[in-house]
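K.L.:
I'd like to ask some things about the structure below.
What follows is calculated from the coordinates using simple rules that are stated; it is not laboratory data. Small disclaimer: the values here were computed from a predicted structure and weren't measured. Because the Cβ atoms are built from the backbone with ideal geometry, glycine has one as well, and the counts that use them run over all protein chains shown.
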Amino acid sequence: ICLSKESFLTMLEKEPGMQGQVNEKVRTDLTIEARMQAQPKGGELMSFLMGEGLGEGTDVLLIDETLCVGCDNCERACAESHDGNSRLNREAGASFASIHVPTACRHCEHPHCMKDCPPDAIHRATDGEVFIDQEACIGCGNCVRNCPYEVISLQKNPTEKPGLLDWLMTGRGPGPGGKQYRAGDDVKKAVKCDACKDQPAGPACVRACPTGAAMRLNPKDFVDLVGDRFET
């Protein structure tokens, strides 16, 4: 939701209790800014993260390159938990000070992808996850073009994987852990990370990382990450 200055001030007048919350948020932001200014190297990392869209993101995947072994378990786990379509690209994306920002949805506070979706197929879950309703998506590609971070793609629906016994007996379809192929007649639809919103255990990419290199953070966590790396 985006509000004009006038609408925002009117809302504060009608909700006096909200003024205190806004003041507290401003004080917190000023404290963070002062903390970053006192840490030149930390400020550089924070500037990098902000430039990669982490300032408007609410749930961002980062990879600690000092821990990552390049096993790609994160990508495979993502694909296995999303019908064969991985929603992240580990190798793609920028890096700074051993922090890598892979190509994966930031779950922006004000999602650019929502701005021009004709069937209204893009929604936000109660916990903030931005997701695409595959049944409603018509594959127009507007969200792909509107996303400034290039984390949305158009993909065909993969073939359904057979059960282990069926695969062993008949050999039909991709086996366990294998890549699923796409049916030729299917319409391509928009695909992106949904933060595994329907999985009680949390994001599969983080759970599958054997070294703890993959982490999902919100803006407050970014500050803590920078502080932990550069404070003495």
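K.L.:
Run the quick spin-label model on Leu67 and Ser95: label points 7 Å from Cα toward the beta carbon, then report their separation in nm to one decimal.
P.N.:
Result for the modelled spin labels: 1.6 nm.
K.L.:
Still on this structure, please answer the following. What net charge is computed for the residues neighbouring Val191, neighbours being all others with C-beta under 10 Å from the C-beta of Val191, Lys and Arg scored +1, Asp and Glu -1? Let's see the in-between values first.
P.N.:
Details: positive: Arg87, Lys156, Lys188, Lys189, Lys192; negative: Asp83, Asp194.
Neighbour charge sum, excluding Val191 itself: +3.
K.L.:
Here's another thing I want to ask about it. How large is ³J(HN,Hα) for each residue in the stretch 6-18, as worked out from phi by the Karplus curve 6.51 cos²θ - 1.76 cosθ + 1.60 (θ = phi - 60°), to whole Hz, x for Gly and Pro?
P.N.:
5, 5, 5, 5, 5, 5, 5, 5, 7, 10, x, x, 6
K.L.:
For a 32 Å ceiling on Cα separation, which of these pairs sit above it: Lys115/Lys197; Lys5/Lys156; Lys5/Lys189; Lys25/Lys156; Lys14/Lys115?
P.N.:
Numbers: Lys115/Lys197 22 Å; Lys5/Lys156 43 Å; Lys5/Lys189 37 Å; Lys25/Lys156 43 Å; Lys14/Lys115 28 Å.
Too far apart for the 32 Å limit: Lys5/Lys156; Lys5/Lys189; Lys25/Lys156.
K.L.:
To the nearest 20 Debye, how big is the dipole of the stretch 51-155 about its Cα centre, given +1 on the beta carbon of each Lys and Arg and -1 on that of each Asp and Glu? Numbers along the way, then the final one.
P.N.:
Values: 7 positive and 18 negative charges, 44 e Å.
Roughly 200 debye, rounded to the nearest 20.
K.L.:
Where does the charge balance sit around Gly53 when Lys and Arg score +1, Asp and Glu -1, over other residues with C-beta under 11 Å from its C-beta? Intermediate results must be reported in sequence, preceding the final value.
P.N.:
Working: positive: Arg106; negative: Glu52, Glu56, Glu109, Glu150.
Within the 11 Å Cβ shell, the charges total -3.
K.L.:
Put a dot 7 Å past each Cα toward the Cβ at Ile138 and Arg124; how far apart are the dots in nm?
P.N.:
Those two pseudo-labels are separated by 2.5 nm.
K.L.:
Continuing with this model, one more query. Taking a virtual spin label 7 Å from the Cα of Leu154 along the C-beta vector, which residues in the stretch 106-147 bring their backbone nitrogen under 13 Å of it?
P.N.:
Residues passing the 13 Å test: 138-146.
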